[in-house]
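Engineer: I have a structure here, written as structure tokens, and I will follow up with some questions on it.
The values are calculated or read from the model by the stated rules, or taken from the named source; none is laboratory data. Predicted, not measured: the structure shown is a model, and the values here were computed from it. Ideal geometry is used to build each Cβ from the backbone, glycine not excepted, and the neighbour counts take in all protein chains shown.
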Amino acid sequence: MHLSVTTRTLSGIPILFAALLAVASAQAPRSQTQSRQLPFGAEIQAEVSAQNRQQDPAFAERVMRAFAAAYPGRLGEPVFRGSDWAVSLGGIVYYFAGGRMLREPLLSRADEFLPHSFYPYPAELPEWKSPTAEQNERFRTIRERRQIQTLKHSQDFFDDLWGIHNHAQGSARMQRMDFLGKKLIVHYSIMEEIALVEMRILEAAKTNAAVRAWIQGLQSATGWNWRNIAETASRSYHSYGAAVDVLSKPERGKETYWLWTAQKNMDWWAVPYSRRQHPPQEVIKAFEAYGFTWGGKWLVYDTMHFEYRPEILILNGLPVLRE
Ligand SMILES: [Zn+2]
């Protein structure tokens, strides 16, 4: 979300999440024992396992196949070239490169880039468990570690995927549409998915009072917003018009975005789900059904944020509908 007053822009977390992973991994390698504790369920699992997994060729193949399935007609069939999995996008070959998604000329400089995060995404929000002392210690410094991170992601692959490399191209590819009575500006290629999400939400509202109340309380829907992820040098999915923030009337005492919580000097990670503002389950399911991940399932939570990442859902064995 993005109402903040300063330069703080918000959300678009998966890329941010990767930055966090890279920093955490570089500074504090964790043991297998710790990775089995899973105090926040899959959220923590994501944090501890992503870096190791991304070095595995079998994982590289799975990610590339998930991309090809997510964007049929735009990406070629994944192939194993040299020593790595690669996929062709608009005639340009991209290598997995440990999750960095690099063109061939950049492969020799791979360690100058942060890996993107192809994170575990659970079908259901895992049951809440209080953080352990060790986690409290580790999560307390996430924000600081993010801020001192100097490596950047290569944006080339995602820029090419969305056909947006600068503000002017972004503007040219955006379309204005209605979403539950609010004006929304998104990438032209996901308008149909958004319309299908809306239909599913309206269908649920017929029999579900919580969904009706949520629609009534909707204050805005924000899609395109040219900017980086808060406190990072990485491009937000809002820059592609491929993320949507659905902002509801604030509920007293409930948190929505980890950085806002962090700015109140609270232990943002320890705020249980019961004190976070979550959309109704049916709304989350409607977005997920058509290829969107929900920021409420991320460790660095952003409960109003949905972004179009069908490759993440497919990678995690979740179905993505197209019509
Ligand atoms: Zn957002």
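Engineer: Does region 83-95 hold any residues that are exposed (fewer than 12 other Cβ atoms within 10 Å of the Cβ) and in contact (Cβ under 8 Å) with a residue 12 or more places away in the chain, and which are they? Before the answer, list the steps.
Structural biologist: Step one: list which residues in region 83-95 are exposed (fewer than 12 other Cβ atoms within 10 Å of the Cβ), which gives 83, 90-91.
Of everything in region 83-95, just one residue is exposed (fewer than 12 other Cβ atoms within 10 Å of the Cβ) and in contact (Cβ under 8 Å) with a residue 12 or more places away in the chain, namely 90.
Engineer: Also, quick follow-up: Out of all the residues in region 216-232, which are out of contact with any His (no Cβ under 8 Å at 6 or more places or on another chain) and either buried (at least 20 other Cβ atoms within 10 Å of the Cβ) or farther than 23 Å from residue 281 by Cα (or both)?
Structural biologist: In the first step, residues of region 216-232 are kept if they are out of contact with any His (no Cβ under 8 Å at 6 or more places or on another chain); the result is 216-221, 228-232.
Correct list: 221, 228, 229, 230, 231, 232.
Engineer: In addition: If residue 194 meets every condition in (1) within 21 Å of residue 116 (Cβ to Cβ); (2) in a helix (DSSP H, G or I); (3) within 20 Å of the chain's Cα centre (by Cα); (4) not aromatic (Phe, Trp, Tyr) apart from one, which number is that one?
Structural biologist: (1)
Engineer: Taking the condition of being surrounded by 13 or more Cβ atoms within 10 Å (Cβ to Cβ) and more than 16 Å from residue 311 (Cα to Cα), how many residues in region 96-111 meet it?
Structural biologist: Residues of region 96-111 surrounded by 13 or more Cβ atoms within 10 Å (Cβ to Cβ): 96-104, 106-107, 110.
Cutting the leftovers down to more than 16 Å from residue 311 (Cα to Cα) gives us 97-98, 102-104, 106-107, 110.
Qualifying residue count for the region: 8.
Engineer: Any idea how many residues of region 139-164 are in contact with a Pro (Cβ under 9 Å, 6 or more places away or on another chain) and farther than 20 Å from residue 95 by Cα? Full working, then the answer.
Structural biologist: Let us first name the residues in region 139-164 that are in contact with a Pro (Cβ under 9 Å, 6 or more places away or on another chain), namely 139, 153.
In the following step, the residues that additionally are farther than 20 Å from residue 95 by Cα were identified as 139.
Qualifying residue count for the region: 1.
Engineer: Continuing with the same structure: Hey, does region 170-177 have a residue that's more than 26 Å from residue 223 (Cβ to Cβ) and surrounded by fewer than 12 Cβ atoms within 10 Å (Cβ to Cβ)?
Structural biologist: As a first pass, look at region 170-177 and keep what is more than 26 Å from residue 223 (Cβ to Cβ): none.
There is no residue in region 170-177 that is more than 26 Å from residue 223 (Cβ to Cβ) and surrounded by fewer than 12 Cβ atoms within 10 Å (Cβ to Cβ).
Engineer: Being within 16 Å of the ligand (Cβ to nearest atom), at pLDDT 95 or above and farther than 29 Å from residue 61 by Cβ is true for just one of 307, 255. Which residue is that? Break it down stepwise before answering.
Structural biologist: Details: 307 fails: farther than 29 Å from residue 61 by Cβ.
Within the list 307, 255, the selection yields 255.
Engineer: Here is a further query. Condition check: part of a loop (DSSP other than H, G, I, E, B) and either within 28 Å of residue 172 (Cα to Cα) or more than 12 Å from the ligand (Cβ to nearest atom) (or both). Does residue 226 satisfy that?
Structural biologist: On the way: part of a loop (DSSP other than H, G, I, E, B): yes; either within 28 Å of residue 172 (Cα to Cα) or more than 12 Å from the ligand (Cβ to nearest atom) (or both): yes.
Against the criterion (part of a loop (DSSP other than H, G, I, E, B) and either within 28 Å of residue 172 (Cα to Cα) or more than 12 Å from the ligand (Cβ to nearest atom) (or both)), residue 226 qualifies.
Engineer: Determine, yes or no, whether residue 180 is closer than 22 Å to residue 293 by Cβ and either crowded, with 20+ Cβ neighbours inside 10 Å or without any contact (Cβ under 8 Å) to a residue 24 or more places away in the chain (or both).
Structural biologist: No, not satisfied.
Engineer: Further, regarding this structure: Identify, please: which residue in region 240-252 is away from the ligand (no atom under 11 Å from the Cβ) and at pLDDT 95 or above and is, among those, farthest from residue 185 (Cα to Cα)? Give the derivation first.
Structural biologist: Here is the first cut: in region 240-252, the residues away from the ligand (no atom under 11 Å from the Cβ) are 240-241, 248-252.
From what's left, at pLDDT 95 or above: 240-241.
On the way: 240: 10, 241: 7 Å.
Going through the qualifying residues, I end up with 240.
Engineer: Among the listed residues 261, 293, which satisfies the condition of being closer than 27 Å to residue 130 by Cβ, within 16 Å of the ligand (Cβ to nearest atom) and in contact with a Leu (Cβ under 8 Å, 6 or more places away or on another chain)? Walk me through how you get there before you give the answer.
Structural biologist: Details: 261 fails: in contact with a Leu (Cβ under 8 Å, 6 or more places away or on another chain).
Going through 261, 293 in turn, just one is closer than 27 Å to residue 130 by Cβ, within 16 Å of the ligand (Cβ to nearest atom) and in contact with a Leu (Cβ under 8 Å, 6 or more places away or on another chain): 293.
Engineer: Tell me, which residue of region 197-223 that is away from the ligand (no atom under 16 Å from the Cβ) and outside any helix (DSSP H, G or I) is modelled with the lowest pLDDT? If you could, list the steps in order and put the result at the bottom.
Structural biologist: Taking region 197-223 first, the residues away from the ligand (no atom under 16 Å from the Cβ) are 198-217.
Those left that are additionally outside any helix (DSSP H, G or I): 206-208, 217.
Numbers: 206: 98, 207: 98, 208: 98, 217: 95.
So the residue we want is 217.
Engineer: So, in region 302-319, how many residues would count as being buried (at least 19 other Cβ atoms within 10 Å of the Cβ) and over 12 Å from residue 237 (Cβ atoms)?
Structural biologist: First, the residues of region 302-319 that are buried (at least 19 other Cβ atoms within 10 Å of the Cβ): 302-315.
Adding the requirement that they be over 12 Å from residue 237 (Cβ atoms) leaves 303-304, 310-311, 313-315.
The number of residues fulfilling the criteria is 7.
Engineer: Sticking with this one: Going through region 112-141 one residue at a time, which ones are under 30 Å from residue 87 (Cβ atoms) and buried (at least 19 other Cβ atoms within 10 Å of the Cβ)?
Structural biologist: Scanning region 112-141 gives 113, 114, 115, 116, 117, 118, 119, 120, 121.
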